[in-house]
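Data block below; observations after.
Please treat every number below as a calculation from the coordinates, not as lab data. As the structure is a prediction and not an experimental result, all values here were calculated from the model. Virtual Cβ from ideal backbone geometry, glycine too; neighbours counted across all protein chains shown.
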Amino acid sequence: MKKAKKRKAKRQTRGSPTWPPGAWKPKRRGAIYCSPACGANCTWAEHQWAKREAKVLAKHLGKGWEPRVWENMRWFWKVVSPCDRIKVHPTYDRRADSAIDMLASLVPVSYLAFLGTPDSAGGKWSASGDTPGAAIRNVVAKAIADLAEIQASIGGLEEWQE
Ligand SMILES: [Zn+2]
């Protein structure tokens, strides 16, 4: 828990060191739940929805997966693997031409998985899939393919030897 808090603090300051402390701390004003730094009047309802969606997927993926929500002009969510190397984000189709489209837009159309070193916000590798499991399998397969290519390239390299 302490580690997660530290990560969160780190993430919120990266890239924008000029934000005063607490700038990214959301404040509740009736139906609004938004931080001063965001200022897009993000809603409490969307926050609660994002939190719930993240929790459901984290539970589905198994022990140690963690739900995360964050705000940047709206509320987003993802889940993080127990080893902190894999992050899975939902992808939504935000077209909402009709009420039915609007309801459908609440269900992810696919998932995007990132693989990287622990404590990285995203990862060097990314891949999508129809399900969270497919996205995870695809991103790991990509990294393994890259590793094989690196091994094939570096393994036979003689000029580099000193
Ligand atoms: Zn906001």
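Only Lys, Arg, Asp and Glu count, each charged at its Cβ (+1, +1, -1, -1), so figure out the dipole size of segment 26-155 about its Cα centre, rounded to 20 debye.
Once rounded to the nearest 20, the dipole reads 500 debye.
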When the Cα centres of segment 114-130 and segment 16-80 are compared, how far apart do they sit, in Å? 19
Take the residue pairs Lys55/Lys87; Lys63/Lys142; Lys27/Lys59; Lys27/Lys51; Lys25/Lys63; Lys78/Lys124 and return only those whose Cα atoms are more than 19 Å apart. Lys63/Lys142; Lys27/Lys59; Lys25/Lys63
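Using just the helices of the chain, give the 222 nm mean residue ellipticity in deg cm²/dmol: DSSP H runs with n ≥ 4 each add -39,500 (n - 2.57), and the total is spread over all residues, rounded to 500.
Rounded to the nearest 500, the figure is -12000 deg cm²/dmol.
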